[in-house]
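Have a look at the structure below before the remarks.
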């Protein structure tokens, strides 16, 4: 029996070591493919943009910086494995997204793209506001892509860092205001798994 316990202990340690190492190895491999991930163009392949869906009402009293602030607060809640806080912040973010003013300073194409991006992002933020933490993280992946696409149109007041975790769901990105990697997809399980992909000014 003691041999079985020690064997299981060794297997468990080996598994943890391999998982941590594979995160580092994937980071190295990711260096060669960063270019493929740095261009994050919004598309409709996730099936959330149906033509028959009613157009969102934009109240026009919000801005992209408010959305980013709410997004970063949500990211921090997921980093901290705080499901209840992430639910609250998902609802807050859905509201700030819906309030984005797209009435001026954008071309017609940019306005159309922003409305499409925001509609998708609101849906994912709402899902986050009513889900368990694993499901929140699934929606946060797509939400992060939407927010990145929004920033490509609206710009940002401060420098942002696009970060990438090779381990989560085949590879997943998110935005941060710091170069320090704090992984929202794994939280305390693999807090520092990932790397900075690019700087966004």
inquiry  = Which of the numbered conditions does residue 88 fail, given that it passes all the others? Conditions: (1) more than 15 Å from residue 73 (Cα to Cα); (2) surrounded by fewer than 19 Cβ atoms within 10 Å (Cβ to Cβ).
reply    = (1)
query = Based on what the data block shows, is residue 124 surrounded by fewer than 18 Cβ atoms within 10 Å (Cβ to Cβ), without any contact (Cβ under 8 Å) to a residue 24 or more places away in the chain and within 13 Å of the chain's Cα centre (by Cα)?
reply = no
key: Close pairs from the range 57-82: first assigned to a helix (DSSP H, G or I), partner surrounded by fewer than 15 Cβ atoms within 10 Å (Cβ to Cβ) and at pLDDT below 95, Cβ under 7 Å, at least 6 apart   = 65/157
Single unsatisfied condition, residue 168 versus (1) surrounded by fewer than 23 Cβ atoms within 10 Å (Cβ to Cβ); (2) over 26 Å from residue 186 (Cβ atoms) = (2)
task = Of the numbered conditions (1) out of contact with any strand residue (DSSP E or B) (no Cβ under 7 Å at 6 or more places or on another chain); (2) over 21 Å from residue 80 (Cβ atoms), residue 118 fails exactly one; give the number of that condition.
result = (1)
message = Can you tell me which residue is modelled with the lowest pLDDT among those in the range 94-115 that are in a loop (DSSP other than H, G, I, E, B) and under 12 Å from residue 63 (Cβ atoms)?
response = 104
query = From the residues in the range 171-198 that are without any contact (Cβ under 8 Å) to a residue 60 or more places away in the chain and more than 22 Å from residue 66 (Cβ to Cβ), which one is surrounded by the most Cβ atoms within 10 Å (Cβ to Cβ)?
reply = 172
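The values are calculated or read from the model by the stated rules, or taken from the named source; none is laboratory data. Small disclaimer: the values here were computed from a predicted structure and weren't measured. Because the Cβ atoms are built from the backbone with ideal geometry, glycine has one as well, and the counts that use them run over all protein chains shown.
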